[in-house]
Amino acid sequence: MAGLSSNLLFTAFILYLVATFFFGGAIKDKKGGMEKKQNKWAIFGITLSAIGLAAQLGYFVTRWIVSGHAPVSNLFEFTTFFGMMLVCAFMVIYSIYKTPALGVITLPIALIIIAYASMFPREIAPLIPSLKSYWLYIHVTTAATGEAVLAISFAAGLIYLLKSIDQSKRSKSTFWLEASLFILITALGFVAASSAFSLMDYKADFTWTDKHDKQQQLTYTMPAIFGPHEGKLQTAGKMEPLIEVPAIINAKKLTTVVWSLAGGIILYAIIRLILRKRISAAIQPAVKNINLDLLDEIGYRSVMIGFPIFTLGALIFAMIWAQAAWSKFWGWDPKEVWALITWLFYAAFLHLRLSKGWQGEKSAWLAMIGFLIIMFNLIAVNLVIAGLHSYA
């Protein structure tokens with residue numbers, strides 16, 4: 001059944017990819033695919049998305065059956081679930097607004113997230129003692145669902161900015177919009193770098209001293225740019241670390257981030273060479289018929305829905321579980337801190353929107369920043385800073 005689970009996830013990935021192209025065809029309509037009556041491209045796109053979502057749900061259920069617990073206990077499982085809920089949130093929003101342009105952005109983001117997840121260990125393992133609680137299902141799934149709904153506001157905001165920003169001249173707006181696209185490409189850089197070193201079967205073993213002064217073993221699957229605290233290379237012929245980091249920093253995962261950044265830079269450079277212009281400028285003609293007011297409404301409604309769900313999952317349920325597991329509601333763990341930062345940001349988003357009238361382009365930029373905070377929490381905090389939530 002484990003093989004069936006993997007095949008279902010791969011099937012979902014392919015269906016999402018094909019659906020993206022159909023949504024791309026839908027927005028070529030003169031009305032930008034914004035009319036309530038869907039064209040045939042949009043119908044094919046949403047149908048394939050629904051089948052893909054059903055396949056990914058099948059993966060989730062079969063993996064749950066095999067493992068005996070909800071598959072959200074490590075970074076591979078959580079990130080895959082996040083991708084599934086992102087597609088689910090898109091399907092719900094699409095059923096209301098019938099906006100194919102969202103599919104052109106949302107589905108590729110889901111694809112990047114699923115591909116990113118697949119680079120982490122996928123073996124099914126028993127739960128560690130601290131995760132053996134029904135709060136695992138409640139806290140993690142609710143938090144991921146909230147983040148997925150909030151991510152829809154990012155997709156709407158990105159499309160809004162792609163259409164509204166003048167690409168004929170360089171400006172701060174064009175720079176930051178392009179930088180946002182580069183960050184997404186960096187996730188693909190991680191996939192490319194991980195795949196390349198995996199094909200090379202690169203492995204380097206280290207012994208090191210953790211923050212509790214205990215000797216540990218560590219295996220790198222990429223050449224070590226950053227070495228663990230008081231680390232010693234045990235595998236002959238492999239690269240010695242360039243920099244040693246304190247025990248509080250996960251040297252292996254920080255190395256992964258740097259290699260991912262390098263891969264992202266290379267991929268971005270290749271795309272720019274092919275397009276011979278900024279990526280945002282190349283995409284802009286495809287969204288010229290999009291209704292900006294509708295996108296602004298979608299972005300706002302997504303935050304209105306996603307914010308309370310995120311509040312329940314990432315803060316309230318998390319604190320209840322923390323009290324049950326560690327006898328304290330709050331421990332200033334890195335993940336806890338960034339969950340609070342995320343919550344404060346979206347609270348400020350709603351305040352500025354409702355009381356200061358920040359709509360349109362300002363709201364779109366806030367949605368962009370909010371999603372980048374979520375991705376920083378998912379990628380950088382998980383991969384670099386060691387804490388109680390380091391289960392990857």
Self-check item: Neighbour net charge for VAL140 - beta-carbon separation under 12 angstrom, K R +1, D E -1
Solution: -1
Quiz item: Expressed as a rounded percentage, what relative contact order does the chain have, with Cα pairs under 8 Å and six or more residues apart?
Solution: 20 percent
Quiz item: Which one of SER280, VAL257, ALA269 has its Cα pushed farthest toward the positive end of the charge dipole of region 142-287, where Lys and Arg give +1 and Asp and Glu give -1 at the Cβ?
Solution: SER280
Quiz item: Under a Cβ-Cβ cut-off of 10 Å, what is the net charge of the residues other than ASN377 that fall near it, where Lys and Arg count +1 and Asp and Glu count -1?
Solution: 0
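Roll a 1.4 angstrom probe over the protein heavy atoms and tell me the percent of accessible area of region 269-316 that is carbon or sulfur. Numbers along the way, then the final one.
Numbers: 1580 of 2470 Å².
For region 269-316, the apolar C and S fraction of the accessible surface comes to 64 percent.
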Quiz item: Charges only on Cβ, +1 for Lys and Arg, -1 for Asp and Glu: so what's the dipole of region 171-267 about the Cα centre, in debye to the nearest 20?
Solution: 120 debye
Practice problem: Express in whole angstrom the spacing between the alpha-carbon centres of region 122-171 and region 185-213. | Solution: 24 Å
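What order, most packed first, do the peptides 149-160, 232-243 have when packing is the mean number of other Cβ atoms within 10 Å of each residue? Walk me through the numbers before you get to the answer.
Details: 149-160: 28.0, 232-243: 12.5.
Ranking, from highest mean packing down: 149-160, 232-243.
Might you report the magnitude of the Cβ-based charge dipole of the chain about its Cα centre, with Lys and Arg at +1 and Asp and Glu at -1, to the nearest 20 debye?
Details: 32 positive and 20 negative charges, 242 e Å.
With Lys and Arg at +1 and Asp and Glu at -1, about 1160 debye.
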Exercise. Show which lysines lie in cross-link reach of LYS163 when reach means a straight Cα distance below 26 angstrom and same-chain residues fewer than eight apart are skipped.
Key: LYS28, LYS30, LYS31, LYS36, LYS37, LYS40, LYS98, LYS172, LYS277, LYS288, LYS356, LYS362
Quiz item: What is the distance, in nm, between label points placed 7 Å from the Cα along the Cα-to-Cβ direction at LEU199 and at GLN323?
Solution: 5.3 nm
Exercise. Any chance you could get the radius of gyration and Dmax over the Cα atoms of the chain, in Å?
Key: 21.4, 65
Self-check item: Solvent exposure, largest accessible area first (probe 1.4 Å, DNA, RNA and ligands not counted), of SER118, SER327
Solution: SER327, SER118
Quiz item: Carbon and sulfur atoms: what percent of the 1.4 Å accessible area of region 149-191 do they account for?
Solution: 65 percent
Quiz item: Say the dipole of the chain comes from +1 at the beta carbon of Lys and Arg and -1 at that of Asp and Glu; which of ALA224, PHE120, PRO100 then lies farthest toward its positive end?
Solution: PRO100
Quiz item: How large is the accessible surface per residue of region 126-250, computed with a 1.4 Å probe and reported in Å² as a whole number?
Solution: 51 Å²
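The values are calculated or read from the model by the stated rules, or taken from the named source; none is laboratory data. As the structure is a prediction and not an experimental result, all values here were calculated from the model. Virtual Cβ from ideal backbone geometry, glycine too; neighbours counted across all protein chains shown. In case anyone asks, the SASA skips ligands and DNA or RNA and just uses the protein heavy atoms, side chains included. Shrake-Rupley method; radii C 1.70, N 1.55, O 1.52, S 1.80 Å.
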